[in-house]
Amino acid sequence: MTANNTCYTVGIVGVGKIARDQHLPAIANNPGFQLIAAASRHAQVEHVRNYPDLDALLAAEPELDAVSLCAPPQVRYAQARAALLAGKHVMLEKPPGAGVSEVEALRGLARKLGRTLFATWHSRHASAVDPAREWLAHRSVRAVHVRWKEDVRRWHPGQQWIWEPGGLGVFDPGINALSIVTEILPNEVLLRSATLHVPSDCATPIAAELDCIDASGAPVHAAFDWRHGPVEQWEIDVDTDDGLLSISEGGKRMTIAGAPVALGAEREYPALYERFHALITEQTYDVDVRPLRLVADAFLLGRHVKTDAFGH
Ligand code: NAP
C-alpha cells in the first residue's frame, strides 16, 4: 500500500503492446489508482469508459485525476500538453518525447500549472539498479561497456513508428541502457562521437555505437544493435578500482567481481505507479531528460552510415 491512502482516478491513452503487457496489470494491482477510462483509436479496455482519442476523454471526464500516456513518442507532446492544460497529472512512457525541447517545455508547463509530470524510465526500476548505484557511489570508475542487442523483428513486429523520425530506431531499447547508466554512475556522461547505421529504407538507425566519457574522463562505450538474435544481450559492465560490476538481462542480474549479488524480484511497472502516486501526493514532478539528451547528441554528433534496406 502506498504511504498516502488517496485513490486517484486514471485514464490510459494508447492501448497497445506496453499498455496491455505492463500498465493495465500494474494499475489493477495498485490500490492507489482506479482505472476508469481509456482512449485509443482502435482498441478498447474492458470495464472502463472508452473514447476514440484523448480529446474526447478529456471532454467527457472532467473529474479524472491523471492520465498515463502509452502511445509512441511522436504524439507524446501534443497529448501531454492537452492533458496538463485540462488539469490532469501526467505519466509519460519512455522516451518522454520525440525531442528534448518539447520535454523541457512540458516540464515548464507542469510547473506553471502545479500538476505532476512523471517522465518514466522503467529500466531504472530494474532490480540491479539501486544496488549498483549504491555500490558505485564511492568507487572510481575506469571504463564502462554497454551491449544492448536484440532482434527487432521479435520485439517490434509490425511497428512502423520506430522507423519514422522521432521513433528513435535502435535507441528505443538503447535509451533504456542509457537510463540505467545515467542513474548508476557517480559522474555525468558526455557524448563525444557516434556512428549510426541507418537502413536505406528507414529514417532511424538499426544499430549505433556511442563513444562517451564520464566527467572524470573514463570511457563509456555503448553498442546498440537490432540485427541480433536469437538471444538478447542487455548488458552493462562497469570496471572499477575495486573490480568489475556486471549487469545482465536488462537489470535482472548483477555480479560484482564475478560473484552473483542477490536481487529482489522484477517489479518495474508496479514501482513506476508507486512513484507516480507519491509524486501526485507530494505535488511535485520528475522529469530527467539526460537519457534522451544523449540520444539527441548521438543524432547531432553521429556519423550516419547507410546500410541494407530493412524491408518492412
Ligand atoms: P504500439 O503498441 O505500437 O503503440 C501503442 C498504441 O499507441 C497503439 O496500439 C495505438 O493505439 C497508439 N498509437 C500509435 N500511433 C499513434 C498515433 N500516431 N497517434 C495516436 N495513437 C497512436 O507501441 P508500444 O510497444 O506499446 O510502445 C509505446 C511506447 O511505450 C513507446 O514509447 C515505447 O518506447 C514504450 N515502451 C514499449 C515497450 C514494449 O515492450 N513494447 C516497453 C517499454 C516501453 P490505437 O491505434 O488504438 O490508437
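The values are calculated or read from the model by the stated rules, or taken from the named source; none is laboratory data. Being a predicted model, the structure only gives us computed values, none of them experimental. Reconstructed Cβ throughout: ideal geometry from the backbone, glycine too, with neighbour counts over all protein chains shown. We work out accessible area using only protein heavy atoms, side chains counted, and drop any ligands, DNA or RNA first. Shrake-Rupley method; radii C 1.70, N 1.55, O 1.52, S 1.80 Å.
If you filter the stretch 160-175 down to residues that are assigned to a loop (DSSP other than H, G, I, E, B) and over 17 Å from the mean Cα position of the chain (by Cα), you find that the one that is farthest from A309 (Cα to Cα) is P165. Filtering the stretch 35-53 to residues that are over 15 Å from A19 (Cα atoms) and in contact with a helix residue (DSSP H, G or I) (Cβ under 8 Å, 6 or more places away or on another chain) leaves R49, Y51. Exactly one condition in (1) buried (at least 20 other Cβ atoms within 10 Å of the Cβ); (2) touching a residue at least 24 places away in the same chain (Cβ under 8 Å); (3) within 11 Å of the ligand (Cβ to nearest atom) is false for Y51; which is it? Of (1) buried (at least 20 other Cβ atoms within 10 Å of the Cβ); (2) touching a residue at least 24 places away in the same chain (Cβ under 8 Å); (3) within 11 Å of the ligand (Cβ to nearest atom), only one is false for Y51: (2).
Among the criteria (1) within 16 Å of the ligand (Cβ to nearest atom); (2) open to solvent by less than 20 Å² (accessible area, probe 1.4 Å); (3) touching a residue at least 40 places away in the same chain (Cβ under 8 Å), the one R76 does not fulfil is (3). So is G87 assigned to a loop (DSSP other than H, G, I, E, B) and either open to solvent by less than 30 Å² (accessible area, probe 1.4 Å) or more than 16 Å from the ligand (Cβ to nearest atom) (or both) or not? Yes: the conditions hold for G87. For the stretch 271-283, the criterion of being under 30 Å from C7 (Cβ atoms), of a type in the set (S, T, N, Q) and surrounded by 13 or more Cβ atoms within 10 Å (Cβ to Cβ) is met by at least one residue. Filtering the stretch 143-158 for residues that are open to solvent by 50 Å² or more (accessible area, probe 1.4 Å), farther than 26 Å from G229 by Cβ and either assigned to a helix (DSSP H, G or I) or not assigned by TED's automatic domain parsing to the domain that holds C70 (or both) leaves an empty set.
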